[in-house]
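Quick note: the coordinates plus some simple rules give every number you see, no bench work behind them. These figures come from a predicted structure and were not determined experimentally. Note: ideal-geometry Cβ built from the backbone for every residue, glycine included; neighbour counts use all protein chains shown.
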Amino acid sequence: DAGITQSPRHKVTETGTPVTLRCHQTENHRYMYWYRQDPGHGLRLIHYSYGVKDTDKGEVSDGYSVSRSKTEDFLLTLESATSSQTSVYFCATGRGVDEQFFGPGTRLTVL
Amino acid sequence: TQLLKQSPQFLSIQEGENLTVYCNSSSVFSSLQWYRQEPGEGPVLLVTVVTGGEVKKLKRLTFQFGDARKDSSLHITAAQPGDTGLYLCAGELIQGAQKLVFGQGTRLTINP
């Protein structure tokens, strides 16, 4: 399995506070992705990166920003968390879309 | 709008039975993947299909990509309790886009 870690694994925060989730990989994969998973929706792409400092929006990017200053780290920031952002967040990495490896997930609760 | 629709969303059957899960769309995909996810973990890739009509087998699991590359199916023969999990299909809409669209998932329970 690809070495992908996510931190924190669980977080409870209050509406209006900023939150940053971290994804770290040890595989030197070019592509990194952030998804959210909600019941009945499967996985939805938030943002992705195709290289250091190269990022693009996914289908549900509003309210989220990302940064990738080095190959191994991809940060997802909720500038001002809302209750609708309560979800399980997954990071994935890969050499391309044909084979993505997923991290263990971060369960975020916004009260 | 869900580009990829899976059916059924929930399926509970007895050990030893056969089953098929469907993944349908009105859009054409350059490739399609199936993942399995267990509680508390991230999805794990099972297979990628890229050619219309392609059939791939993984032990008791058979995956097929539709001729028009708009749909796919996953067939499990003689299901076992270890097959229990959430099955997700995902497709790349535009070749080279390097991003996937996921179906909403099929939660499969195999009862001993």
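Out of the trypsin sites (Lys or Arg not before Pro) in segment B:22-112, which ones are loop residues according to DSSP with at most 14 other C-beta atoms within 10 Å? Before the final figure, lay out the partial values.
Values: sites: B:ARG36, B:LYS56, B:LYS57, B:LYS59, B:ARG60, B:ARG69, B:LYS70, B:LYS99, B:ARG107; in loops: B:LYS59, B:ARG60, B:ARG69, B:LYS70, B:LYS99.
When the trypsin sites (Lys or Arg not before Pro) of segment B:22-112 are filtered for loop state and at most 14 Cβ neighbours within 10 Å, B:LYS59, B:ARG60 remain.
Using 7 Å Cα-to-Cβ label points, what is the B:GLN14/B:ARG107 separation (nm, one decimal)?
So the two model labels end up 2.3 nm from each other.
Return the average number of partner chain Cβ atoms within 10 angstrom of each residue Cβ along peptide A:95-101.
6
With bins 10 Å wide starting at 0, give me the P(r) of chain A over every alpha carbon pair, in whole percents.
The calculated distribution, bin by bin, is 16, 52, 29, 4.
Using the Cα centre as the reference, give the magnitude of the dipole from point charges on the C-beta atoms of segment A:1-90 (Lys, Arg: +1; Asp, Glu: -1; all else neutral), rounded to the nearest 20 debye.
Numbers: 10 positive and 11 negative charges, 23 e Å.
My answer is approximately 100 debye.
If contacts are Cα pairs under 8 angstrom and at least 6 residues apart, what is the relative contact order of segment B:5-111 in percent? Let's see the in-between values first.
Values: 269 pairs, mean separation 38.7, N = 107.
It comes to 36 percent, rounded to a whole number.
Calculate the dipole size of the protein assembly as shown relative to its Cα centre from +1 charges on Lys and Arg beta carbons and -1 charges on Asp and Glu beta carbons; express the result in debye to the nearest 20. Could you put the intermediate results ahead of the total?
Numbers: 22 positive and 22 negative charges, 22 e Å.
For the protein assembly as shown, the charge dipole is close to 100 debye.
Among B:CYS23, B:GLN37, B:THR51, pick out the residue whose Cα is farthest towards the positive end of the charge dipole of chain B, where Lys and Arg carry +1 and Asp and Glu carry -1 on C-beta, about the Cα centre.
Selected residue: B:THR51.
What distance in nm separates the two pseudo spin-label positions at B:SER27 and A:GLU27, each 7 Å out from Cα along the beta-carbon direction?
2.4
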